[in-house]
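Some notes on the structure that comes next.
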Amino acid sequence: MSPTDLPPAGSRTGRQRDSFTMTWRYNLVSLWMYLAFGSFGALTNAAVRDDIVGWRRVVVVGLVVVLMAWAGYWCRPLIRGRSRRSIPAVAHAVTILGSVLFVVLASWVPAAPIGYLLVPWAAAAVLGLDFSRSNYLSWLFAWAVGLLGLRAVVTLISGDDLEGFFPGEIGGIYILVFFAVFLPAAAWFQLWVWELTIDVRDAGVTRAELARVRERLRFAADLHDIQGHHLQVLALKTELAERLIDRDPERARATIHEAQEIARTALEETRTLAQGYRQVSLRDEIVNAASVLEASGAMVRVDVPDALDDPLLATALREATTNILRHSDASVVEITGALQPPSLRVVNNGVIAPPNGSGSGLASLAERFAARGGSVEFSAVDDRFTLFATAGGTA
């Protein structure tokens, strides 16, 4: 899944927003919030307390912002793709150098709060998502050892002792350990949720493709049933006519005439199949349409009277189902019917490329209904498409 695979923001309107894009935004904002949690305390301390004074205060505050912005910048390509190793090595190198400078400046004062280490730790927890699970744990361990070791060295060089290296209060230790564990665990969970979302989306795409293949196979089977028998009989008739043409011309002529009739019948039935005009049961077509659409990931709502069973309306439903599969990413499809006059309404959301009526499907459907005294109306509003077919007469 590449960044271009993400649907454009606002591809659905109002309450029908794309859940895939919204999940991506949720996970991205969550990672930014984890970075903010890791930096808020250090930023507040550096800004309002006297632990750091002079130019070092300005540099530390600036480094907090830069480290968090830098890690946040690399959240986007990281969470957009599902593959690891999407962050270049230079990004990790810059993070390490910035963290070293930050720890040196923030720890070069007597009794500097160890909570400052949560700033580079939060950045490392997010950027480390670029690795596999086992490498991620190794990455965090290396950072923990490196940050604590560097702080200890800086503390000793600056003339302080290690007596106040850790907070003296149990509450302070608890808060430090909690955030140290919470930040990488929560960041990893957000990436896992995103990858699970991609798996679900891929499964939905696969199901939709399978539904389309199923529809093609159904058409191929119908075509085979029609053509297979007629072509076989046609071949036998013409072969018989060839044998009889010298011995019994009259019988050969009759056989050729029969072959012509068979060919005309096959042509008419093929045309009927292509137009979707076969005498099918509306109830059977509703069951088939619901099965195909649900397999593509849509929720189907049906409210059709049992007494409504017009073959022409079954044709309309088949054409509507085909259009939904081809031109939409529907999550909800509504199929409703009425007895007086016999009519069927099919409404779906998630329209990607709404049919404009100029194609052969809807145009020929409207012509067939008009020939029977019925009508077909269709409209597209935002991402909703409605097809309303009236058969005329009574059911």
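What the table below lists for this structure:
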{"read-out": "Subset of the stretch 126-152 (residues that are of a type in the set (Val, Ile, Thr) and surrounded by 13 or more Cβ atoms within 10 Å (Cβ to Cβ))", "value": "VAL126"}
{"read-out": "Residues satisfying the stated conditions in the stretch 288-308, i.e. open to solvent by 40 Å² or more (accessible area, probe 1.4 Å) and at pLDDT below 85", "value": "SER291, GLU294, GLY297"}
{"read-out": "Residue within the stretch 230-245 that is within 43 Å of the chain's Cα centre (by Cα), loosely packed, with under 13 Cβ neighbours inside 10 Å and acidic (Asp, Glu) present", "value": "no"}
{"read-out": "Which listed residue, of GLU169, GLU261, GLU239, is at pLDDT 80 or above, among the acidic types (Asp, Glu) and more than 30 Å from ARG368 (Cβ to Cβ)", "value": "GLU239"}
{"read-out": "Pairs with Cβ under 7 Å, 6+ apart, first in the stretch 139-153 and of a type in the set (A, V, I, L, M), second not in a helix (DSSP H, G or I)", "value": "ALA152/PHE165"}
{"read-out": "Single residue of the stretch 372-394 satisfying the filter (surrounded by fewer than 19 Cβ atoms within 10 Å (Cβ to Cβ) and out of contact with any Gly (no Cβ under 9 Å at 6 or more places or on another chain)) that is farthest from GLU334 (Cα to Cα)", "value": "THR394"}
{"read-out": "Complete set of residues in the stretch 207-236 that are among the β-branched types (Val, Ile, Thr) and either modelled with pLDDT of 80 or more or touching a Leu at 6+ places or on another chain (Cβ under 8 Å) (or both)", "value": "ILE226"}
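The values are calculated or read from the model by the stated rules, or taken from the named source; none is laboratory data. Just so you know, these numbers come straight off a predicted model, no measurement behind them. In this analysis, Cβ positions are derived from the backbone assuming ideal geometry, glycine residues included, and neighbour counts consider all displayed protein chains. Remember, those area values only see protein heavy atoms, side chains included, never the ligands or the DNA or RNA. Shrake-Rupley method; radii C 1.70, N 1.55, O 1.52, S 1.80 Å.
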